[in-house]
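Structure first, commentary second.
The values are calculated or read from the model by the stated rules, or taken from the named source; none is laboratory data. These numbers come from a predicted model, not from an experiment. Cβ placement follows ideal geometry from the backbone for every residue including glycine, while neighbour counts extend to all protein chains displayed.
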Amino acid sequence: MRCVRLQALAVVFCLALRSGAAAQSPALAVAAASDLQAVMPVLADRFERETSRRVALTFGSSGNFYAQILNGAPFDLFFSADVDYPRRLEAAGLTEPGTLRPYAIGTLVLYAAARPGLDLARGLAALADPRVRRIAIANPEHAPYGRAAVAALTHEGLYDRLRPKLVLGENISQAAQFVQSGNAAAGLLALSLALTPALRARGSYVELPASLYPPIEQAAVVLNTSMRKDAARQFLALFDRADVAQTMKDAGFRAPPAAAVSR
């Protein structure tokens, strides 16, 4: 009986040491596009439970992260909402060779609060309703969803007419906050954010036809300044798994055509 107790204590002691070591190791620093705010914490938690490695998430606009990384921001991984930014970093020699990979295709939606009660079946034309005084979009200067919004409005011949109504969020998450707070009656948002409980409780949305805007191709890359490259590659490998692919789909993302998902 005493031997069994000693073995149990030994197991507890080893687990405690492992937990302590994980707590002391530096966290994996992940820069993530704002449309990932609902799903990335779920994946980070899964990774932490499976590996005992901590993950520190920072959300923002992809363009701003790109500029920060060019200026030496100490991230290990960059999840961009625009594949072009990781490609530029790769061309500049700032990424680990062979780590750039697509992880999702984003979807743009027209979202409107319950009031003023727009007919979303009209699509973007509903935004011309005089009851809509402000329309939230992400800043197209550095946010892929903002560029997609401008492209969709331009395609429908509405951009010049609606431009005075546009309010720009620093990123797509802030654009969603404008609608959620009532500072805008409608917005062109990421499906991943429109699916969150806070926005679903306040209004409704329709997906915009993909033909209205260029594909929102999202990609991730390991940065060559990372001091935790093995852990970064391990985190990136999550996106090859079928269970993670399903989690991303449930969160409002489509799989990229070239993505290989292991079974």
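What to note about this one:
- Against the test of being touching a residue at least 24 places away in the same chain (Cβ under 8 Å), out of contact with any strand residue (DSSP E or B) (no Cβ under 8 Å at 6 or more places or on another chain) and closer than 30 Å to L238 by Cα, the options G93, G146 yield a single qualifying residue, G93.
- Applying the criterion of being surrounded by 19 or more Cβ atoms within 10 Å (Cβ to Cβ) and more than 25 Å from the chain's Cα centre (by Cα) to the residues of the range 82-134, the residue that is farthest from L195 (Cα to Cα) is L127.
- Selection count, the range 39-68, where residues are of a type in the set (A, V, I, L, M) and either part of a helix (DSSP H, G or I) or without any contact (Cβ under 8 Å) to a residue 24 or more places away in the chain (or both): 5
- Restricting G252, G157 to those that are touching a Ser or Thr at 6+ places or on another chain (Cβ under 7 Å) and on the phi > 0 side of the Ramachandran plot reduces the list to G252.
- Test result for A73, farther than 28 Å from K249 by Cβ, at pLDDT 95 or above and out of contact with any helix residue (DSSP H, G or I) (no Cβ under 7 Å at 6 or more places or on another chain): yes
- Checking each residue in the range 115-140 for being touching a strand residue (DSSP E or B) at 6+ places or on another chain (Cβ under 7 Å), in a loop (DSSP other than H, G, I, E, B) and not basic (K, R) picks out L118, V132, N139.
- Matching residues in the range 25-69 - criterion: being β-branched (V, I, T) and either within 10 Å of the chain's Cα centre (by Cα) or not assigned by TED's automatic domain parsing to the domain that holds R228 (or both): V39
- When the helices (runs of 4 or more DSSP H) confined to the range 148-197 are screened for residues that are at pLDDT 95 or above and surrounded by 21 or more Cβ atoms within 10 Å (Cβ to Cβ), those reaching at least 3 such residues are found at 172-180, 191-194.
- The range 206-236, subset within 18 Å of the chain's Cα centre (by Cα) and in a loop (DSSP other than H, G, I, E, B), residue farthest from A152 (Cα to Cα): P215
- Residue match in the range 54-67 (condition: surrounded by fewer than 16 Cβ atoms within 10 Å (Cβ to Cβ) and basic (K, R)): no
- Residue list for the range 89-111, restricted to those being farther than 30 Å from R228 by Cα and either among the aromatic types (F, W, Y) or at pLDDT below 95 (or both): Y111
- Given (1) at pLDDT 95 or above; (2) farther than 17 Å from F239 by Cβ, index of the condition A33 fails: (2)
- One residue from L162, L124, L158 being in contact (Cβ under 8 Å) with a residue 60 or more places away in the chain, more than 30 Å from T58 (Cβ to Cβ) and touching a Leu at 6+ places or on another chain (Cβ under 6 Å): L124
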